[in-house]
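Here, each number is a calculation from the coordinates, and none is a lab measurement. In this text the structure is predicted, and so the values were computed from the model without any measurement. Cβ: placed from backbone, ideal geometry, glycine included. Neighbour counts: every protein chain shown.
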Amino acid sequence: MPITPARAAFDFRELIVLLLRAEGVTAPDGGDITARALPKSRLGERFSDPEDEDRSDIQGLDIWHLTTNLSSNESRDMSGALDRAGIAAERDGKRYHANIWHRRGRPAAESYAVMPLRVLAELIRETEAAASLAAEAYAEAQTARDNESLENAKAAMAAEKERERNIGLAAFAHLMKHGTLPPTGQEAS
């Protein structure tokens, strides 16, 4: 039995889901992301629910509308597909949208991810801000560790001074009691 275009598209979606999971992408609630299901029948492929066309091919993401495409190089309409994904994302209340296009002769992990430049700019801005916040948090944590180490060193020095003071008091007590200092290296009794 030959593989239908719908089955091939579903298999590609499944592969993309597996790759995204391998990269640590999960649903916001910590659950799994999934591929949009195949229509129930061949008739369903021809007369699918129009609302189904607006659903993301990758399910479980709150702010992303992702579509996948297996078209050959000759029939790629990236502009039209991206426009349709943007409209569907807007209807679906998703903040970002992108098309994942299979690259013939390449592993699925090297597929194209196509998005409008404004989406890329927003992602760059947000990831740079997150990286900056992470660097600040790391610096603060390092400073806290350094301060903690300094406090520990101060406490150790204070304990050593206290020990020396106690030895000095013991030596003084020995001197007062016996009229001589205790032998060097020994604590007074």
Q | C-alpha long axis of helix 78-92 to longest principal axis of the chain, angle in ° | A | 70 degrees
Q: Give the calculated FRET efficiency between Glu128 and Arg55 to the nearest 0.05, with a Förster radius of 41 Å applied to their Cβ-Cβ distance.
A: 0.85
Q. What's the extension gain from Thr26 to Arg104 if we count 0.36 nm per residue and subtract their Cα-Cα distance?
A. 25.4 nm
Q | Label-point separation, Asp11 to Ala158 (7 Å along Cα→Cβ), nm | A | 7.1 nm
Q) Picking from Ser71, Ser132, Ser149, which is most flexible by a Gaussian network model of the chain using Cα springs under 10 Å? A) Ser149
Q. What is the distance, in nm, between label points placed 7 Å from the Cα along the Cα-to-Cβ direction at Ala139 and at Leu38?
A. 5.5 nm
(Q) So for the chain, considering every pair of alpha-carbon atoms, how many percent are separated by more than 22 Å? (A) 65 percent
**Q.** Degrees between helix 117-178 axis and first principal axis of the chain (Cα, 0 to 90, nearest 10)
**A.** 10 degrees
Q | Label point distance in nm, Glu151-Ala171, each placed 7 Å from Cα along Cα→Cβ | A | 3.3 nm
(Q) Only bridges whose two residues both fall in the chain count here: according to DSSP, what percent of them are antiparallel, nearest 5? (A) 45 percent
Q.
Helix 5-22 against the longest principal axis of the chain: what's the angle in degrees, Cα atoms only, rounded to the nearest 10?
A. 10 degrees
Q: Would you compute, from DSSP H runs of 4+ residues alone, the mean residue ellipticity of the chain at 222 nm, taking -39500 (n - 2.57) per run and dividing by the full residue count, rounded to the nearest 500?
A: -19000 deg cm²/dmol
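Could you order the peptides 11-19, 108-116 from most to least packed, using the average number of other C-beta atoms within 10 Å per residue? All intermediate terms of the calculation are to be shown ahead of the outcome.
On the way: 11-19: 18.3, 108-116: 15.2.
Ranked by mean Cβ neighbours within 10 Å, highest first: 11-19, 108-116.
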